[in-house]
1. Per the Kirkwood definition applied to all pairs of different Cα atoms, how many angstroms is the hydrodynamic radius of the chain?
2. Got a sec to turn the phi values of the range 46-56 into Karplus ³J(HN,Hα) couplings, 6.51 cos²θ - 1.76 cosθ + 1.60 with θ = phi - 60°, whole Hz, x for Gly and Pro?
3. Using a 10 angstrom cutoff on alpha carbons, build the Gaussian network for the chain and name the most mobile of 24, 14, 45.
4. For the pair residue 22/residue 52, report the inter-label distance in nm, with labels modelled 7 Å from Cα in the Cβ direction.
5. When the Karplus curve 6.51 cos²θ - 1.76 cosθ + 1.60 is applied with θ = phi - 60°, which whole-Hz ³J(HN,Hα) does each residue of the range 10-17 get, with x for Gly and Pro?
6. Subtract the Cα-Cα distance of residue 11 and residue 45 from 0.36 nm times their separation in residues, and report this length gain in nm to one decimal.
Amino acid sequence: MHLTDQAIEELQDRRGKDAVTMTRLADRLQYFVDLNPEFEIPIDRLATWLARLDDPDDE
C-alpha cells in the first residue's frame with residue numbers, strides 16, 4: 001500500500017460524509033500551496049485534472 005493510499009483512506013474515514021463545494025476545495029488547495037509552495041506544481045495538476053473531468057476534449 002502506498003502512503004498516498006493510506007492518506008486517501010484516512011480522508012475517506014475522517015471526512016467521507018462531508019459535503020464540499022468545489023469553491024471550498026479550491027480555497028483549501030490554495031491555502032495549502034500558500035503554506036507549502038513546493039507543492040504548487042502537483043496541486044496545479046490535480047486542480048486542472050479535477051476541473052476537466054467532464055471535458056470530452058481531455059479524454
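Nothing in this text is a laboratory measurement; each read-out follows from the coordinates by a stated rule. Computed from a prediction, not measured in an experiment: that's the story for all the values here. All Cβ positions, even for glycine, are placed from backbone atoms using ideal geometry, and neighbour counts span all protein chains on display.
1. Details: mean 1/r = 0.0760 Å⁻¹.
Value: 13.2 Å, from the Cα pair sum.
2. 4, 4, 5, 4, 4, 5, 9, 3, 9, 8, x
3. So, out of 24, 14, 45, the one fluctuating most is 14.
4. Modelled inter-label distance: 1.4 nm.
5. 4, 4, 4, 5, 7, 10, x, 8
6. Working: separation 34, 0.36 × 34 = 12.24 nm, distance 1.96 nm.
Using 0.36 nm per residue and subtracting the Cα-Cα distance, I get 10.3 nm.
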